[in-house]
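Enquirer: Questions regarding the structure given below will be posed in turn.
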Amino acid sequence: MHTGVALLTTALLLASGAVAGPGQVAHAATGGAEFSGGHGAAASGAAKTLEAASEAPGGYAFADDAQRVKGAAGTARPATLAAGRSYRSTLPPSGPVHYGVQLDGTSNAYVSVTAVPPAGGTAAVSDGLKVSLRDSGRRSCDLDTATFGAGRSPRPVTAWAVREISPRRSLCKEAGMYYVSVERADPDGRGASPEPWELELAVVSEPPLREEGATGEPEAWNSATPDPLAGEARRRRGGAGFAEAALIGEGVWRNDLRPGRTVFYRVPVDWGQQLHVTAELGGSGSGRSGFVPSALDLDLYNPVRGHVADLGIGYDGTRKSESLNPLPPVAHTNRQAPNSRVSAVRFAGSYYLVAHLSAEVAEKFGDKPVPVVLRVRVDGPAQDGPGYQGESAPAGIFTVTDGDREATGSATGGGGTAMRALAVGGIGTGSALLLGLGVWTVLARRRATP
């Protein structure tokens with residue numbers, strides 16, 4: 001069989017579901033690995049033994065080879081996290097766990113934590129995840145909380161903490177050991193899950209700019225909400241975690257989502273570009289009546305998995321839609337803005353869309369997939385970055401790669417050939433990458449998996 005025919009056959013198998021795509025798999029965490037922020041994660045995972053996402057805690061695809069660490073009960077001798085790497089840990093039902101992170105005196109640092117409750121459990125409105133960062137003198141640098149909210153549907157929740165070197169901040173500038181504390185937001189809340197949660201932690205460092213004073217006040221920007229992108233939706237299956245997020249660009253994307261499931265997408269957004277997103281929830285077709293508050297939760301995260309914006313769609317079984325609040329063009333100066341939604345759009349790279357369909361939808365309208373459509377616009381030409389002094393950790397996390405530009409067609413302003421090919425059968429990014437990584441070897445390994 002000719003190579004081209006073999007590759008096409010493999011692509012068709014992936015599209016039809018005969019071979020598992022990246023949205024269907026989770027990876028066992030063994031050993032240390034560089035945190036990729038989504039770049040190339042699928043490629044590295046393709047050559048490893050895979051296990052079904054349904055067998056992983058909460059159906060979440062943890063980062064390949066994330067190093068397992070144990071959170072300490074105190075800050076005396078915690079496990080130390082390194083910038084550019086990802087980790088996996090466990091959060092007990094009550095009480096905080098602590099980790100150390102060694103920081104220099106010049107770089108900004110970002111610590112994100114994703115908590116994954118067990119599948120099929122319960123959730124309290126006010127429960128979720130609380131993440132804090134303190135310096136060696138135990139002074140607070142930052143605190144963030146993410147909760148399940150009105151949907152009360154267990155799903156992965158992510159919070160972040162920041163150490164920023166800035167004239168506006170007088171604390172947390174010194175080099176040394178810093179302490180990350182993670183705990184449940186309200187473990188005693190009504191309906192809160194009594195089980196331990198799995199955690200995924202990632203640390204990113206951002207170098208200073210080459211030119212002092214290059215960071216000024218945010219520029220004025222068009223805050224009007226444009227019309228949602230029109231056009232027929234193309235099917236695109238979402239990934240099961242940040243590391244397996246499915247690549248999408250400007251376009252209209254559909255995934256039929258079962259109640260209780262969460263899917264991850266990543267959208268490359270370059271310096272100077274402005275992202276707009278509208279979410280739609282299709283009709284259930286069940287003929288039943290009822291109402292589910294926050295039936296669809298959509299969260300947007302920046303390249304370091306920091307929360308940017310979110311929306312919730314109430315559902316009565318008929319088609320509903322809603323748009324994220326307007327976001328500014330990506331700019332380094334956005335971090336100076338008092339509005340957290342604007343401040344979070346501070347660097348280029350992969351922005352993550354995380355969609356969750358409430359488990360309560362099954363109770364009211366039946367346990368069948370419901371169409372979820374994302375209308376994604378990326379406005380404006382890419383611009384030069386601010387000019388960093390040194391490299392980030394992990395490297396390249398604040399850039400849009402040539403591969404992403406080609407796949408999404410952002411270099412030419414339209415859906416690229418590779419992006420259209422992915423959309424035909426809902427093939428995930430990782431599956432597409434398999435075509436260039438020795439497809440038959442990977443398939444043989446998959447067949448050997450029990």
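The values are calculated or read from the model by the stated rules, or taken from the named source; none is laboratory data. If you're wondering where the values come from, they're calculated on a predicted model, not measured in any experiment. Virtual Cβ from ideal backbone geometry, glycine too; neighbours counted across all protein chains shown.
Enquirer: Would you say Ser132 is modelled with pLDDT of 95 or more and assigned by TED's automatic domain parsing to the domain that holds Leu201?
Expert: Details: modelled with pLDDT of 95 or more: yes; assigned by TED's automatic domain parsing to the domain that holds Leu201: yes.
Yes: the conditions hold for Ser132.
Enquirer: Turning to a different aspect of this structure: I'm trying to understand the selection: among the residues of the range 309-350, which are in contact with an Asp or Glu (Cβ under 6 Å, 6 or more places away or on another chain), crowded, with 17+ Cβ neighbours inside 10 Å and small (Gly, Ala, Ser)?
Expert: Residues satisfying the conditions are Gly312, Ala348.
Enquirer: Would you pick out the residues in the range 72-91 that are part of a loop (DSSP other than H, G, I, E, B) and more than 23 Å from the chain's Cα centre (by Cα)?
Expert: Ala73, Gly74, Thr75, Ala76, Arg77, Pro78, Ala79
Enquirer: Taking the condition touching a residue at least 12 places away in the same chain (Cβ under 8 Å), outside any loop (DSSP other than H, G, I, E, B), closer than 21 Å to Ser153 by Cα and under 20 Å from the mean Cα position of the chain (by Cα), does Ala243 pass?
Expert: No: the conditions fail for Ala243.
Enquirer: Can you tell me which residue in the range 250-283 is nearest to Leu296 (Cα to Cα), limited to those that are buried (at least 21 other Cβ atoms within 10 Å of the Cβ) and small (Gly, Ala, Ser)?
Expert: If we take residues in the range 250-283 being buried (at least 21 other Cβ atoms within 10 Å of the Cβ) and small (Gly, Ala, Ser), then Ala279 is nearest to Leu296 (Cα to Cα).
Enquirer: In the range 154-175, what residues are of a type in the set (Ser, Thr, Tyr) and either closer than 20 Å to Phe62 by Cα or assigned by TED's automatic domain parsing to the domain that holds Ser340 (or both)?
Expert: Thr158, the sole residue that qualifies.
Enquirer: Another question, if that's okay. Does any residue of the range 291-308 turn out to be assigned by TED's automatic domain parsing to the domain that holds Pro228, free of Cβ contacts under 8 Å to residues at least 40 places away in the same chain and surrounded by fewer than 17 Cβ atoms within 10 Å (Cβ to Cβ)?
Expert: no
Enquirer: For the range 109-137, give me each residue that is touching a residue at least 60 places away in the same chain (Cβ under 8 Å), over 22 Å from the mean Cα position of the chain (by Cα) and not in a loop (DSSP other than H, G, I, E, B).
Expert: Selection gives nothing.
Enquirer: What helices (runs of 4 or more DSSP H) completely inside the range 357-430 contain at least 1 residues that are among the acidic types (Asp, Glu) and either under 24 Å from Gly260 (Cβ atoms) or modelled with pLDDT under 90 (or both)? First the steps, then the outcome.
Expert: Working: elements: 360-365, 402-408, 417-425.
By residue number, 360-365.
Enquirer: Filter the range 281-331 for residues that are within 18 Å of the chain's Cα centre (by Cα) and over 18 Å from Ser350 (Cβ atoms) and give the result.
Expert: Leu296, Asp297, Leu311, Gly312 - these are the residues of the range 281-331 that are within 18 Å of the chain's Cα centre (by Cα) and over 18 Å from Ser350 (Cβ atoms).
Residue by residue, here is whether (1) in contact with a strand residue (DSSP E or B) (Cβ under 9 Å, 6 or more places away or on another chain); (2) surrounded by fewer than 20 Cβ atoms within 10 Å (Cβ to Cβ) holds:
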| position | (1), (2) |
| --- | --- |
| Leu171 | yes, yes |
| Ala175 | yes, yes |
| Tyr178 | yes, no |
| Glu198 | yes, no |
| Ser205 | yes, no |
| Glu219 | no, yes |
| Ala233 | yes, yes |
| Gly238 | yes, no |
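Enquirer: State yes or no: is Gly128 on the phi > 0 side of the Ramachandran plot and surrounded by 17 or more Cβ atoms within 10 Å (Cβ to Cβ)? Spell out how you get there, then give the answer.
Expert: Values: on the phi > 0 side of the Ramachandran plot: yes; surrounded by 17 or more Cβ atoms within 10 Å (Cβ to Cβ): yes.
Taking the combined requirement at face value, the residue satisfies it.
Enquirer: Any chance the range 191-212 includes a residue that's in a loop (DSSP other than H, G, I, E, B), over 22 Å from the mean Cα position of the chain (by Cα) and without any contact (Cβ under 8 Å) to a residue 40 or more places away in the chain?
Expert: Yes; the residues of the range 191-212 include at least one that is in a loop (DSSP other than H, G, I, E, B), over 22 Å from the mean Cα position of the chain (by Cα) and without any contact (Cβ under 8 Å) to a residue 40 or more places away in the chain.
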